[in-house]
There are 2 protein chains.
Amino acid sequence: MNGAESLVKSLIASGVDTCFTNPGTSEMHFVAALDHVPGMRSVLCLFEGVATGAADGYWRMARKPAITLLHLGPGLANGIANLHNAKKAHSGVVNIVGEHAETHRKLDAPLMADIEGLSRPVSHWVHSSLSAADVGADGASAVAAAQVEPGQIATLILPSDTAWTEGGSVHAAPAPADRPGVDAGELERAAAALDGPETLLLLGGLALTAENLEKAGRIAARTGCAILSEWSNARLERGAGRVVINRVPYPIDQALGVLKPYKRVVLVGARAPIGFFAYPGKPAVLTAEGAEIQALAGAGDDLSGALDGLVEATGAAGSAPRGIAERKHVARPSGKADAVTIAQALAATIPDNAIVVDESITTGRAFFPATAGAAPHTWLNNCGGSIGYSLPVAIGCAVACPDRKVLALVGDGSAMYTIQSLWTMAREGLDVTVLVLANRTYQILRGELTNVGVQNPGPRAIDMLSLDRPALDFVAMAQGMGVTAVRVEEAGALVDAIEAALASGGPNLIEVVV
Amino acid sequence: MNGAESLVKSLIASGVDTCFTNPGTSEMHFVAALDHVPGMRSVLCLFEGVATGAADGYWRMARKPAITLLHLGPGLANGIANLHNAKKAHSGVVNIVGEHAETHRKLDAPLMADIEGLSRPVSHWVHSSLSAADVGADGASAVAAAQVEPGQIATLILPSDTAWTEGGSVHAAPAPADRPGVDAGELERAAAALDGPETLLLLGGLALTAENLEKAGRIAARTGCAILSEWSNARLERGAGRVVINRVPYPIDQALGVLKPYKRVVLVGARAPIGFFAYPGKPAVLTAEGAEIQALAGAGDDLSGALDGLVEATGAAGSAPRGIAERKHVARPSGKADAVTIAQALAATIPDNAIVVDESITTGRAFFPATAGAAPHTWLNNCGGSIGYSLPVAIGCAVACPDRKVLALVGDGSAMYTIQSLWTMAREGLDVTVLVLANRTYQILRGELTNVGVQNPGPRAIDMLSLDRPALDFVAMAQGMGVTAVRVEEAGALVDAIEAALASGGPNLIEVVV
């Protein structure tokens, strides 16, 4: 058994069965091993940013790592932006990055690059295999590293000679360690702080499961405290029957306004709120001045246990959860597709148990509140701020959950970053409906120009933010990659298009001109 | 004057007048400064890999740096693969990478990343501006660093507060230093080695200008030595009236065969030939065992002077250059488009003074020899091996040389990496004709599977190398980005399509199904 085969077998023995890849010459033995060894689904992507984003989405839904197989330093580099997003979302990912054989590395061949240097900024764990005998154990260690709570990026560098040399052995990663529990004294202190509407219980990570939100709803009912989530959540369960949770807004002035009333903030899986960017003359910390902040439980802690403890300590076990969303049947909207009518169309059509991957940026700010009473669904945000996350993440979600429908909401500017995703959706026949919200501008930057103090931008500045010269035709691009597509400008037509797309069971793209 | 304005003015004062960008919030003051300060052409790209590749192409043709303006760590990350290629091509590029304000960096905001760490593997020079007062001088230093021969990657990190704070001043980069001359004793030694057909004069970099190739042709005529170039050349002048130079082949066995006769190798601007990859049981160094290798002049040395010196030392001044290509008028080909007939179509249509950006991979191996007698033109290769270089580089060439026609030859797999380039070509009305060679597979990897010793790959392996499920429709994709496009399968139709595209004066895409 060569090193490559031992690695594939070790990954499978460690519970990994999905690979998102764009391989090259240095990875050919790994590709050959995928052939000989059954048990690993390999999904080809036309660009590595698609592979890494797909692994992010896969973790969020499957709660176990997929691997990416990447071609040396440049292949890894193309995946870094979505690894950045995955890291900020606490997703566990195992990257296998091919490398030249040892004898070749000193020669500065064209593809030679500092792979470890490129890996470190986006990896919690980086290791280069030294010999074929080590590769299996290294693979198991990488999986173990990826599974360290709340999820980590593990990058294993695989020199081609360690892949092709005989002498491999198979190893399995140990089961992940339990999440640390919360200190009883801290729990008492937090429970005491939750004494009315001037206290905010701010939730993140796995505190946003349906079950945990129900606990938060009981605590809110009992104590009168407010509950919110962070702006960006890796995964949030919502819709009819679930406790409604609003997010701290993205626009800096709105965020400051929403957080102003709270004198005490208890964090469960969330971080203390800060601005996405710095703005001249505006604070970076968004909580009210002098607010007391207690970090009760971090993203990697036992958040379910922390909320159980808070329910008990506040005496909320008998309280009915506050703010459970009622199923709201929305009338079919009509008129021009805009932020409001698209939100209505979504509220009317989101199917039961859907996964919504949200990169709708400016157009989509109204979507979240408008869909609180839709059928129960899961909502995913971009946690790292690097655009181009949603189409790849939608692939990962659909691969992880073949029985669920995936809806990706994406701005036109963001969609172009990883547009190659559409081909993989077609190739794999994934049940993904993509809504491209085509406002033909980097609209968010128009607002940000003002926020950073630039008044009256001139034509050259505006031109740098405009996507209308020429207009992008997403229908043509989607068809070019084998995805059925349609363009709509009217809200009723949008409802029809979403319903037809969902009914098809395969990938579809709807370009919504707004 | 704020820091951003001082930077734009300093870059212009340093001779930089072109910016390839995809900006974000942290770069908004720089964008505003581009508005106020005339003199910088800003070219919007929909993905940063397009911007960095364009800067590579711009340097190759303009011999001066363009800047890229990139959005924090992830924006830089998306540009790394083409910076890798630019670095290996010795292209001078100045990256301006936005960063959070100082007060914001400690907060671990979503877009916070280790920008310096990401920069170093692809940069010769990295610096973070500390205050608005420093930014102008930092910009001038970055330009100076990019211009260090033979061309370097300089990355300047620009925290948003240094951009928006007042107190900037304008600085200009000094003129680049002269290239070091070659030692007289080394020249004599090289001239003595050039004593017949067992010696190879291997050329690279600026040794491949028409003028320098003519010198090499005289030396070859006088001494009987062979001349070759490296496989990958940043820029090579060729066609009718120029000295024909062949390249060391890419396939390892062919390369070993071509280099076997040479007992002595003199390097002028080239490196000693090595394999692109390591292969089990095959040598990495491609020259014959025991061959004497003399590195007469490196890529950054005075290559023109080195060749002048060799002409003199070998007494070749009076010799007519050996191997000048005659203009070869190729008959219009007919029949199925394949490697041979496409090569004929190119030979028949390459216009005078064209720039050919070659990423034609397997299909294109016959193109180079077949076009030696075409109209005089410039030929560019990928020096770093990271695919997706050609469409961005074509943008940079067309921006640098608006009076020349650019022909990009690209495999389908490579084209998909930076397909967003087409939109920028349309937006800027660039005179670029793109030939996508659609063999619907990563064909090169089929061969590499065998080269690395994988016999009889099975269906899962083959599937990872195939692009035919579904077939990509490049005509639809191009039209979706505003580029006129046509599909051809026949060689005569290809000639017509190339001629029509060249005559249009704007961007066109031709999908050649092979």
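The values are calculated or read from the model by the stated rules, or taken from the named source; none is laboratory data. All of these numbers come straight from a predicted model, not from anything done at the bench. We place every Cβ from the backbone using ideal geometry, glycine too, and count neighbours over all the protein chains shown. Quick note on the areas: whole protein, heavy atoms, side chains included, nothing else; ligands and nucleic acids left out. Shrake-Rupley method; radii C 1.70, N 1.55, O 1.52, S 1.80 Å.
Under unit Cβ charges (Lys, Arg +1; Asp, Glu -1), what dipole magnitude, rounded to 20 debye, does the stretch B:184-314 have relative to its Cα centre?
It works out to roughly 400 debye.
Please average, across the residues of B:469-475, the number of beta carbons from any other chain that are within 10 Å of each residue's own beta carbon, and give a whole number.
5
Give the carbon-plus-sulfur fraction of the accessible surface of the protein assembly as shown in %, rounded to a whole number; probe 1.4 Å, heavy atoms of protein chains only.
51 percent
What is the percent of Cα-Cα separations in the stretch B:13-104 that go past 17 Å?
Numbers: 1875 of 4186 pairs.
Tail fraction, whole percent: 45.
Once you have all Cα-Cα distances for the stretch A:69-138, histogram them in 5 Å bins from zero and send the whole-percent values.
Pairs per bin, as whole percents: 3, 15, 26, 25, 17, 9, 4, 1.
Within 10 Å of each Cβ of A:443-451, how many other protein chain Cβ atoms are there on average?
Mean shielding count: 3.
Run through the DSSP bridge list for the stretch A:296-445 and note the antiparallel percent, rounded to the nearest 5. Mind dumping the intermediate values first?
Details: 0 of 15 bridges.
If I count the DSSP bridges inside the stretch A:296-445, around 0 percent turn out antiparallel.
Post the alpha-carbon centroid distance, the stretch B:333-356 to the stretch A:390-461, in whole angstrom.
What the calculation gives is 39 Å, centre to centre.
At a 1.4 Å probe, which residues in the stretch A:284-324 are at least 30 Å² less accessible with all protein chains present than in their chain isolated?
By number: A:Ala284.
Using the per-residue mean of other Cβ atoms lying within 10 Å as a proxy for protection, in what order, highest first, do the peptides B:426-433, B:66-73 fall?
Going from most to least packed, we get B:66-73, B:426-433.
Please work out the average accessible area per residue across the stretch A:184-313, using the 1.4 Å probe convention, and give it in Å².
37 Å²
Setting aside same-chain residues fewer than 8 positions from A:Lys215, which aspartates and glutamates have a Cα under 20 Å from its Cα?
Leaving aside aspartates and glutamates fewer than 8 places away in the same chain, those within reach of A:Lys215 are A:Asp183, A:Glu186, A:Glu188, A:Asp195, A:Glu198, A:Glu230, A:Glu237, A:Asp301, A:Asp302, A:Asp308, A:Glu312, A:Glu326.
Take the residue pairs B:Lys87/B:Lys282; B:Lys9/B:Lys405; A:Lys106/B:Lys87 and return only those whose Cα atoms are more than 21 Å apart.
Numbers: B:Lys87/B:Lys282 27 Å; B:Lys9/B:Lys405 31 Å; A:Lys106/B:Lys87 17 Å.
With Cα atoms farther than 21 Å apart: B:Lys87/B:Lys282; B:Lys9/B:Lys405.
Using the Kirkwood radius built from alpha carbon pairs, what does the Stokes-Einstein equation give as D for the protein assembly as shown at 10 °C and 1.306 mPa s, in µm² per second?
Roughly 54 µm²/s, to the nearest whole number.
With +1 on each Lys and Arg Cβ and -1 on each Asp and Glu Cβ, and nothing else charged, work out how big the dipole of the stretch B:339-513 is about its Cα centre, in Debye to the nearest 20.
So the dipole magnitude of the stretch B:339-513 works out to roughly 340 debye.
Considering only DSSP beta bridges where both residues belong to the stretch A:184-313, give the percentage that are antiparallel (nearest 5). Walk me through the numbers on the way to the answer.
Details: 1 of 17 bridges.
In the stretch A:184-313, DSSP labels about 5 percent of beta bridges as antiparallel.
Apply the membrane-span-like helix rule to chain B: whole DSSP H runs, Cα extent along the own long axis of at least 18 Å, mean Kyte-Doolittle hydropathy at least -1.0. List the helices found. Before the final figure, lay out the partial values.
Working: long enough: B:48-62 (21 Å, -0.15); B:72-88 (23 Å, -0.18); B:132-146 (22 Å, 0.95); B:210-223 (20 Å, -0.64); B:491-504 (20 Å, 1.35).
Span-like helices, by this rule, are B:48-62, B:72-88, B:132-146, B:210-223, B:491-504.
Going out from 0 in 5 Å bins, what whole percent of all Cα-Cα distances in the stretch A:391-482 drops into each bin?
Cα pair-distance distribution for the stretch A:391-482, in percent: 3, 13, 21, 18, 14, 11, 9, 7, 4, 1, 0.
Normalized C-alpha radius of gyration of the stretch A:339-513, against 2.2 N^0.38 Å?
1.01
So, in Å, what gap is there between the alpha-carbon centers of the stretch A:188-236 and the stretch A:19-42?
Measuring centre to centre over Cα atoms gives 44 Å.
Amide H to amide H under 5 Å from A:Ile227: which residues, 5+ apart in sequence or cross-chain, H placed 1.01 Å off N in plane?
Counting only residues 5 or more places away or on other chains, the set is A:Leu201.
In the stretch A:276-362, what GluC sites (Glu not before Pro) fall in a loop by DSSP, with at most 10 other Cβ atoms inside 10 Å?
Of the GluC sites (Glu not before Pro), the ones in loops of the stretch A:276-362 whose Cβ has at most 10 other Cβ atoms within 10 Å are A:Glu289, A:Glu326.
The stretch A:106-147: which residues show an accessible-area loss of 30 Å² or more, assembly versus chain alone, 1.4 Å probe?
With the partner chains in place, the stretch A:106-147 has these residues losing at least 30 Å²: A:Leu107, A:Asp108, A:Pro110, A:Leu111, A:Leu118, A:Pro121.
Quick one: if you stick a label point 7 Å off each Cα along the C-beta vector at B:Val148 and A:Arg189, how many nm between them?
Once both label points are built, they end up 5.1 nm from each other.
P(r) for the stretch A:279-404: what percent of alpha-carbon pairs falls in each 10 Å bin, starting at zero?
10, 24, 33, 26, 6, 0
Using the Cβ atoms and a cut-off under 11 Å, what net charge is assigned to the surroundings of A:Arg469, where Lys and Arg are +1 and Asp and Glu are -1?
Numbers: positive: A:Arg440, B:Arg427; negative: A:Asp463, A:Asp468, B:Glu428.
Residues close to A:Arg469 contribute a combined charge of -1.
Count charges around B:Leu449 for me, please; just the other residues with Cβ under 12 Å from its Cβ, Lys/Arg as +1, Asp/Glu as -1.
The answer is -2.
To the nearest 20 debye, what charge dipole does chain A have about its Cα centre, counting +1 at the Cβ of each Lys and Arg and -1 at the Cβ of each Asp and Glu? Kindly include the intermediate steps, with their values, before the conclusion.
Numbers: 38 positive and 51 negative charges, 258 e Å.
So the magnitude is around 1240 debye.
With no solvent and one point per C-alpha, what does the Debye sum give as log10 I(q)/I(0) for chain B at q = 0.07, 0.11, 0.12, 0.14 Å⁻¹?
Log10 I(q)/I(0), no solvent term: -0.40, -0.98, -1.14, -1.39.
Please report the Cα spread of the stretch B:184-314 along all three principal axes, rounded to whole Å, starting with the longest.
Per principal axis, max minus min of the Cα coordinates gives 44, 30, 26 Å.
Could you work out, residue by residue across B:459-466, how many beta carbons of other chains sit within 10 Å of that residue's beta carbon, and then give the average as an integer?
6
Looking at the stretch B:315-362, which trypsin sites (Lys or Arg not before Pro) are in a loop (DSSP not H, G, I, E or B) and have at most 12 other Cβ atoms within 10 Å?
When the trypsin sites (Lys or Arg not before Pro) of the stretch B:315-362 are filtered for loop state and at most 12 Cβ neighbours within 10 Å, B:Arg327 remain.
How large is the translational diffusion coefficient of the stretch A:3-164 in µm² per second when you combine the Kirkwood radius over alpha carbon pairs with Stokes-Einstein at 10 °C and 1.306 mPa s? Before the final figure, lay out the partial values.
Working: Rh = 14.9 Å.
The diffusion coefficient I find is 107 µm²/s.
How big is the B-A contact in terms of buried accessible area, both chains counted, 1.4 Å probe, rounded to the nearest 100 Å²?
7900 Å²
Taking each pair of distinct Cα atoms in the stretch B:336-391 once, what is the resulting Kirkwood hydrodynamic radius in Å?
After inverting the mean inverse Cα-Cα distance, the result is 11.8 Å.
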